[in-house]
Every structure is written in C-alpha cells, then in structure tokens.
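Visitor: I am attaching a structure below and will ask some questions about it afterwards.
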C-alpha cells in the first residue's frame, strides 16, 4: 500500500505538471492569436477534447479505485471488529479459567488438610495399634503360661477322672464348674484375642486405603490445575496474537485512509485541470470565432474594394488593419497569484510543537516524525476560529484516524491540512477564499489539549513539508 501511495504521488505530480503546461499553452495562445489559423484552433480544440476525454477516463479510474479502497476499508473495519469480539471471548474465557484455577486451588487446599487429618488419625491409630499389640502380647503370654501349666499337670484330664476323684456329689459339682470356668475363660481370651487382631488389621487397611484415595485425588487435582494453567497460558498467547493482528489491521487502515486521501487530492487536481481545459476550449473557440468573423469581414471588404477606387481601397485596407489590432487589445494578460499562505489562526501565532522529529506526547515514542506544526490558542483551552490559509477547493471534511475532525484544502500547487478541530464549518467540494472560516480549534482525535495541527503538502497529500516555508 505504501508503494501504491508513492505511485499516487507521482501521478499527482504528473497531473500538476500537465496543468501548468496547459496554463502556459493558454498564455502563449493569448499572446500569438495573429499567428494561428482557423485550422490551428480546430486542431487545438480536438486536442483539448482528447485531453478532456482522458481526464474523464482518469476520473472514472479514480472513482473505481476509491470504491475498491472503500471496500478494503470496510473489510478492514469488519476484521478489526471480529478480532475485538474474539479478544472479548478470550478475555471471558481467561476470567472463567482463572476462576476454575482458584476453585481447584481451594479443592487442593481442602484435600491437603484432609491428608493432614488422616496423617493425624494414622499417628493416633499407630498408638492404638501399639496398645492392641501390647494386649495381644500379654494374652499370648497368658495363654502360653496356661498351656504350660496344663502340660505340667498332665494335660487333657478326662472328664471321668474329675467324677471319680470327687469325694461327694457336691465336690463333683464344684470340680465340674471350676473346669467349665477355666475352659470358658480360655475361650473368651482366645475370642478377644482374635477380635483384637481382626480390628487391628481392618483399621490398618481402612486408614491406608483412605490415605491412598485422598492422595490419588490430590494428584488428580494437581493435574487438573496444571491443565488449567496451561490453558490460561495458551489463552494469553492467543490474546497477545489477536492484539498484534488488531495493531496490524489498524496500521493497514491508516495506510488505506492515506491512500484514499491521496485519491481525494488527485480528484481535486483533475477538477482543477478540467476547469483549465474548459477555459482553454472556451478561449480557443472564441479565437476561432474571431478569426472566422475576421475572414468574413475581409471577404466583404475585398468585395467593396473592387467597386471602390484605388484610393478608397487603400484607405479601407488601412482601417481594416487598425480595426484588427484594436480587436485584440486587452486580451494578453494572465493573472497569477503569489502562492503565499496566510496564518490559519489570526488570534494566535504561538507554536506549541514544530515540524520534524520529536518525542510523541501520547505514546512517548522518541524520534517520531511530526508532519506539521501545532498552533496553541491565545489562552489554554480557548476554542478560536480557524481560517483557510489560501483560496481553494475542500477535498476532505470529516473525521480522520488520530487527527479527529479534519479539513483538507487543495490550492492548486499545495494542499493544507487542519486537524483536531472542535467543529467543521465547510463541506467537501466547497470553494473557499483565503481567510474564510473553515472550523473551530479543538482537541478531537489523539490530542493532549486544545490546539490546531496544521500541515502543508506540495503537489498533493501525503507529501508533508515544513509549513513555515510557505507563510
């Protein structure tokens, strides 16, 4: 697009050269009417008609290019809007992902506390296990001692020996009860011993399984958190990429807008050339009519000369020559302006920022080219009238990216630009005179305060030079 803009600048300069050549041709024609014939003017009119036709073709091309540019600008704006919507979605997804990460961290904290509690339970259970093991050990010692006593006393005494060894029935009952009590007690000890062992095994198994389950749950939660963090990083990368694309689209839109403005300026040049060509055709046609009338007059005079005497014929020729010289007087002047620009703000000549590289007041970028001068108001914040620096045609009146409310005026050899206006008082295609009000100073667009940003572009936009050389 930058190359295209350069081509447009070359085209504009060629058009301007053509205009100057046409004007010079017209001036030369005015000075040498007598040297041209009717056939010469007919040829000139044909050439001018051809130039007009070529200009119309160029105008059609410009209109087509403008239409194509407008389509590209609309597509660019649609793309920017789409990217912004995608960025909004990514931002929402980022917020949701962060909420999920926070929730997962809470779950992990709860699980960690649960593991700590289980660890406390395990430590407590270990104490209980020690007690159970101690009881089991004592029972085993008791049972061992009892078995040893039974073995020492003969072991497994038959029940009939208890009866035969009794002195009486009462003694038998007593002996029988004692044996049953001993046997029941031994059985109770054995049952209790088995129950304690079973309880010990079950508690050990339960706590281990529970701890293993909770630890596995924590591992899974950590994995889920890692996945969410990875998703968050990817979303951040996507957001950064979309931001980069949006910045590129914005830069492309500015290039498209500049190219569009170049076409506007080229259109103004063609309009100016059409006016010059129309004037040239009018002059050529007028001169041709004058010559045709002169030819008719000469023929009529020659006829009269045949009927008059030699003296009258001589006097008639002298009068004819005088009349011819008189008919062309007063038509050889060509008006030409001095090309100087008037100061666009009559109430202030204070320049806040000059032309050339500077530190950008908003972005802070060092060495940023400033394509014009910033004229401050008489007092801070005051919104004063802004006037046209010279007479010309308004080629742009509207909002421009970064410049806010902007007016561009084509003056034939230069184009002037007035930016950050609070309001615009002219419209595109309007003819304005030097010093006529075109708007009011303001701070629209990318601006740090009320001022007028003023640019000068010789040959057409964009071709900024220092305005101070043109006042």
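What follows is calculated from the coordinates using simple rules that are stated; it is not laboratory data. Remember, it's a predicted structure, so these values are computed and weren't measured experimentally. Cβ placement follows ideal geometry from the backbone for every residue including glycine, while neighbour counts extend to all protein chains displayed.
Visitor: Set the Förster radius R0 to 60 Å, insert the Cβ-Cβ distance between residue 293 and residue 342 as r into 1/(1 + (r/R0)^6), and round the FRET efficiency to 0.05.
Guide: Working: r = 44 Å, r/R0 = 0.74.
That gives a FRET efficiency of 0.85.
Visitor: Sort 120-128, 286-294 for me by packing, meaning the mean count of neighbouring Cβ atoms within 10 Å per residue, highest on top. Mind showing how you got there, number by number?
Guide: Values: 120-128: 12.7, 286-294: 15.6.
So the order, starting with the most tightly packed, is 286-294, 120-128.
Visitor: Rounded, prolate or oblate, given the Cα gyration tensor of the range 411-471, with a/c below 1.5 counting as rounded?
Guide: Values: a/c = 1.92, a/b = 1.23, b/c = 1.56.
Here the range 411-471 falls in the oblate category.
Visitor: Let me ask something additional. If the chain between residue 105 and residue 274 were fully stretched, how many nm would it gain, using 0.36 nm times the residue separation less the Cα-Cα distance?
Guide: That works out to 53.3 nm of additional length.
Visitor: Given points 7 Å out from each Cα along the Cα-Cβ axis, report the residue 240 to residue 94 separation in nanometres with one decimal.
Guide: 1.1
Visitor: Taking a temperature of 37 °C and a viscosity of 0.692 mPa s, what whole-number D in µm²/s does Stokes-Einstein yield for the range 341-471 with Rh from Kirkwood over alpha carbon pairs?
Guide: On the way: Rh = 14.4 Å.
D, rounded to a whole number, is 228 µm²/s.
Visitor: Return the distance in nm (one decimal) between the two label points of a simple spin-label model at residue 401 and residue 365, each offset 7 Å from Cα along Cα→Cβ.
Guide: My value for the distance between the label points is 1.2 nm.
Visitor: Suppose R0 equals 35 Å; then what is the FRET efficiency for residue 73 and residue 382 from their Cβ-Cβ distance, rounded to the nearest 0.05?
Guide: Efficiency for this residue pair is about 0.50.
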